[in-house]
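Have a look at the structure below, then the notes.
The values are calculated or read from the model by the stated rules, or taken from the named source; none is laboratory data. Not measured: the values here are computed from a predicted model. All Cβ positions, glycine included, derive from the backbone under ideal geometry; neighbour counts span all protein chains shown. For the accessible areas, the whole protein counts, side chains as well, though only heavy atoms, and no ligand, DNA or RNA atoms are used. Shrake-Rupley method; radii C 1.70, N 1.55, O 1.52, S 1.80 Å.
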Amino acid sequence: MKNNHIFNIALLSTTLLSAEALVADATQGTPSKIQKKKRDLQKPDLEEKTDSCAMELYTDCATVELKTQVPISPTQKTTHITQSFPQHMWDDSFHMLLNKNLMGSLHMLDFNIHHNHDKKDVFINTDNNFDVVQKVDADITYTTEGLSWQPFYTADLSTDCKSLNLNCWFTVHNETSTSFDNVHLKLFDRDSGFKLVEDVPPAFEKRSKNLFPIPRHVTLPSKQKKRIMWLQASNIPLKKEYVLSLGGVFLTDMTNSDTVPRVDTQLSWINTFKNLPLAPVTLYQESETDHKSPLMKTIFKKTELNMPVSFRMPAHLQNGDEQPIQVSYEQTEFQKFTVKLTETVNRLTLKNTKADPVTVKVCVDFPLKSGMIVRDSIPHQTDGHKKRYWIFNIQPGEKIDLKYRARVTSN
């Protein structure tokens, strides 16, 4: 019985001590946890982070922005960056920032670039008071040559020429010995602007018109070409248009000539997708048996959003498609004032001979953008390339009578 009292007292004491320990844990944490927390704070963050890469690829070079981790040792002041850099890298473009939010001080003193066969290695020298190795976040930027890109289109024309399936591709050629993984890529169809400030062309400021971002990450293997799908559109409705050009011979003396300008048939649509780059297009036509026959190669001009895109209809597809436009042309006056200055007065008549309305675009194509319309009976329009033109929507049986004076200058 006595022993039972002793046992109960001992059990009560143990229970009271355990309760006190639980209260201490709840209010201020156990000494072991506090010590563990302090030790954890003193440990460097060695968690692996995935490198990220962003590239802006111009027509003359590429700018690469790399986010990576660099292990900095407390004993060795020289650190080799594990990322290999292209042999084509401009050494004086290399720029690096180290994250300073660390357990200790860190200062980058200098760096060296070593040639390593077809690549380059970068070694950085730091001054720090680390106790152990720390992986430091680094932002690296550099510019390199050895990368280029070209756009191209493939298109399928329907059997009735009323719709089009369009694909736009970018071919990126990585000629360097460095592979770029998971790249956020932007393509520019302009030079980089790495010139003297006064030499930078004003067009470079219009970045949005010359920018073609890739909406997903891509990998650019070393010494390889990568073809990237950028646009895929089906059943684009086409509109048949008629275009008449008054350039070339019609800007010379034709007062005694009976030559009549030719009306070309074009197929056009409105670009509702995104800015389209200047690029060649290979055009096919679908048959009733789902067989694709090659038609021709032509060029799609750079086209902004919500602007028209057009191409000449292949001549053999126009067989049996009698043009509805009756054309009459006369050059009523030709004056050569000086060796470099000429003016010509012209009259053009267009008549719709069919039962449906037609659209006709009349262009005056001056050589080297060196001409102008002095006056005209119907006001003309001018596009961003200083091309002068008229667009006529002609009703059945309607006749358009256009008179204009053109001035041509030469250097």
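A few points about this structure:
- Solvent-accessible area per residue in the stretch 275-411 equals 60 Å², computed with a 1.4 angstrom probe and all protein chains kept.
- Residue-span extension gain [Thr78 to Asp121] - 0.36 nm each, minus C-alpha spacing: 14.2 nm
- Chymotrypsin sites (Phe, Trp or Tyr not before Pro) within the stretch 337-411, DSSP loop, no more than 10 other Cβ atoms inside 10 Å: Phe337
- For the stretch 139-274, the per residue solvent-accessible surface stands at 50 Å², with DNA, RNA and ligands left out and a 1.4 Å probe.
- Our summary gives the stretch 232-378 a relative contact order of 28 percent, counting only alpha carbon pairs under 8 angstrom and 6 or more residues apart.
- Modelled FRET efficiency - R0 41 Å, Phe111 with Thr409, Cβ distances, 0.05 increments: 0.15
- Fraction of accessible area attributable to carbon and sulfur, the stretch 273-361 (%, probe 1.4 Å): 50
- Accessible solvent surface per residue of the stretch 60-100, calculated while the other protein chains remain in place, 1.4 angstrom probe, Å²: 49
- Tensor-based shape of the stretch 227-298 (alpha-carbon gyration tensor, a/c under 1.5 rounded, otherwise prolate or oblate): prolate
- Positive-end residue, the stretch 216-358 charge dipole about Cα centroid, Cβ charges, pick of Tyr329, Tyr242, Ser287: Ser287
- With every protein chain in place, the stretch 113-174: carbon and sulfur % of accessible area (1.4 Å): 46
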